Amino acid sequence: MKSYQEGMERLLFVVQELSTVRDIQGITRIVRTAARELTGADGATFVLRDAGQCHYIDEDAIGPLWKGKKFPIDDCISGWSMQHREAVVLEDIYQDPRIPADAYRPTFVKSLAMVPIRSSDPIGAIGNYWATFHKATELEVRFLQSLADSTSIALENVRLIEDLRASLAELERQLGLRDEFISVAAHELRTPLTPLALQTQFIQRLIGAGRLLGHPLENELRKFADVSRRQVADMVKLVENLLDASRLSLGHFGLSPIEGIDLAEVVRKTIEPMDSPQGSLLDLQLQAGVKGTWDPVRLGQVVRNVVSNAMVYGLGKPVIVRVEATQGGARLSVRDHGIGIEPEKLHRIFGRFERGTSVNRYGGMGLGLYISREIIQAHGGQINVESAPGAGSTFTVDLPVTPGRPAETGS
Ligand code: ADP
């Protein structure tokens, strides 16, 4: 056997090794060798309790023992050790009635020492075996018991990791179901919206062409058509955002960049038809001729998202929209003087379904900035925000003249 000093050093090393293993095979590999080395025994077994049975899951010995076999817990010495929460030391195994002699006869074993793993409610045992008569010393049993205690902690860790893995897998499954639902719901919602939008447009055109002049309900119809148009447009925006979010999660989101796109033009065209819910004044500071190879439709989407947020959260104060050339690129910035964003929410608002305000006060699904960031990143650019509560917010988009990684964005 090893000296106290050598044994302690070996134990320390084993404890360290056990603290880093992540699966049961790793524990088995370490324990079966360490058990033998610590005592200098001719063989060692690693036994785990499996309901009413003792499962000899692994061994390291000079001759075959019982690897892979299971014995009833009442019928083997490891079972006795577990049930009585006690170490067993036998100098001559055949003198002890607890030993199932038939199982031992084909083996080299003459003496043994067995310790339970986990003292409160044992979950296994570690066995040591000698081919010559040997009475395990107190020190040897103490070494074995310390090994069993560390094994118990390692087994608990592995169980926790396995539980965690199972929870993560379940979470991923649930997220997959959510994405699938969003995709189906968005497609289902879009189907009736298209004819609805056409019908409201038709009514507006009739009114615009003076076809309802003098009609007793002309004013009511005009109001109705206007409200319907705005509400249908809001619905279309929500559904389009849902569809984009689901395309992004499925990797079906592509860019169609075109050369010579003028950023100021994109901003102007996007902003023109937009309503300002709180009547914010838009101060456009658009440098002409800032051009690049960009997807104008997707950039328009970013402008719409960021500018409409500035108007929603801008407390009706002026919003400055700037376009300027930078070294090797272009910058779009949107500055409002509204409610601002709390520091702890700043990094979250670009996440999917992340909202920074109470849903009762401001609507929205928390998708606009997520989609915007994806669009900008697909162009090889960046979107950032600077904000403080009560001081307003500035969203800044930096774009390279040519998309940085166009090849990655197609589907
Ligand atoms: P939604 O699609 O619901 O509008 P966004 O992704 O565009 O959501 O925005 C996420 C959150 O970021 C919003 O719920 C809001 O709290 C915050 N936010 C975005 N823009 C501004 C802004 N200009 N001022 C203050 N808060 C903002």
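Readers should treat all values here as calculations from the given coordinates under stated rules, not as data from a laboratory. Given the structure is predicted, the values throughout are model-derived calculations rather than measurements. For neighbour counting, all protein chains shown are included, and Cβ atoms are generated from backbone atoms with ideal geometry for every residue, glycine included.
What percent of all Cα-Cα pairs in the stretch 73-138 falls into each 10 Å bin, going from 0 up to the bin containing the maximum distance?
That works out to 23, 55, 21, 1, in percent per bin.
So, counting K/R as plus one and D/E as minus one, what does the shell of residues with Cβ under 11 Å around residue 374 add up to? Present the calculation step by step, with values, prior to reporting the outcome.
Numbers: positive: 247, 298, 352, 373; negative: 244.
Spelling it out: positives minus negatives among the neighbours equals +3.
Given bins 5 angstrom wide, list per bin the percent of all Cα-Cα distances in the stretch 1-51, short to long.
Percent of pairs per bin, in order: 4, 20, 26, 23, 17, 7, 2, 1.
Set the Förster distance to 56 Å, then compute FRET efficiency between residue 165 and residue 223 from the Cβ-Cβ distance, nearest 0.05.
0.45
For the stretch 192-276, state what percent of all Cα-Cα pairs lands in each successive 5 Å bin, counting from 0 Å until the bin that includes the largest distance.
Per 5 Å bin, starting at 0, the Cα pair percentages come out as 3, 11, 14, 15, 17, 16, 10, 7, 4, 2, 1.
At q = 0.09 Å⁻¹, what log₁₀ I(q)/I(0) does the stretch 145-258 have when each alpha carbon counts as one equal point scatterer in the Debye sum?
-0.52
For the stretch 222-299, give the magnitude of the charge dipole about the Cα centre (Cβ charges: +1 Lys/Arg, -1 Asp/Glu; no others), in debye to the nearest 20.
Details: 10 positive and 11 negative charges, 58 e Å.
Charge dipole of the stretch 222-299: 280 debye, to the nearest 20.
Taking the stretch 267-322, how much of its Cα-Cα pair set, in percent, is spaced more than 15 angstrom apart? Display every interim value, and only then the final one.
Details: 749 of 1540 pairs.
Cα-Cα pairs of the stretch 267-322 separated by over 15 Å account for 49 percent.
Report the residue, chosen from 116, 100, 400, that carries the largest GNM mean-square fluctuation when the chain is represented by alpha-carbon nodes joined by springs under 10 Å.
It is 100.
Between residue 74 and residue 102, what is the FRET efficiency for a Förster distance of 25 Å, r being their Cβ-Cβ separation, to the nearest 0.05? List each step's numbers first, then the result.
Details: r = 15 Å, r/R0 = 0.61.
After rounding to 0.05, the efficiency reads 0.95.
Taking the Cα centre of each part, how many Å lie between the stretch 136-179 and the stretch 352-397?
41 Å
Using the basic label-point model (7 angstrom from Cα toward the beta carbon), what is the residue 231 to residue 13 distance in nanometres?
The answer from the label model is 7.7 nm.
Can you give the charge dipole size of the stretch 344-392 about its Cα centre, rounded to the nearest 20 debye, using +1 on the beta carbon of Lys and Arg and -1 on the beta carbon of Asp and Glu? Please list the in-between numbers first.
Numbers: 6 positive and 4 negative charges, 32 e Å.
The dipole magnitude comes to about 160 debye.
Please tell me which of these pairs span more than 22 angstrom C-alpha to C-alpha: 237/269; 110/135; 67/110; 237/291?
Details: 237/269 17 Å; 110/135 10 Å; 67/110 18 Å; 237/291 27 Å.
Flagged as over cut-off: 237/291.
Tell me, Kirkwood radius of the stretch 211-258 from alpha-carbon pair distances, in Å? Intermediate values should be presented prior to the final figure.
Working: mean 1/r = 0.0731 Å⁻¹.
Computed over Cα pairs of the stretch 211-258, the Kirkwood hydrodynamic radius comes out at 13.7 Å.
Measuring from centroid to centroid over Cα atoms, what is the spacing of the stretch 282-306 and the stretch 92-113 in Å?
After rounding, the separation between the Cα centres reads 84 Å.
Quick one: net charge around residue 234, please, counting Lys, Arg +1 and Asp, Glu -1 for every other residue with C-beta under 15 Å from its C-beta.
+2
Counting only other residues whose beta carbon sits under 15 Å from that of residue 219, what net charge do I get with K and R as +1, D and E as -1?
Neighbour charge sum, excluding residue 219 itself: 0.
Considering just Cα atoms, how many Å³ per residue does the convex hull of the chain enclose? Could the numbers behind the result be given before it?
Details: hull volume 99.3 nm³, N = 411.
Considering the Cα atoms of the chain, their hull volume per residue is 241 Å³.
With a/c under 1.5 counting as rounded, go ahead and sort the stretch 269-383 into rounded, prolate or oblate using the C-alpha gyration tensor (a ≥ b ≥ c being the square roots of the eigenvalues; past the cut-off, prolate if a/b is larger than b/c, else oblate). Numbers along the way, then the final one.
Values: a/c = 1.83, a/b = 1.29, b/c = 1.42.
Oblate.
Label residue 211 and residue 274 with points 7 Å out from Cα along Cα→Cβ: what is the distance between them in nm?
So the two model labels end up 3.2 nm from each other.
Return the distance in nm (one decimal) between the two label points of a simple spin-label model at residue 256 and residue 190, each offset 7 Å from Cα along Cα→Cβ.
The answer from the label model is 1.4 nm.
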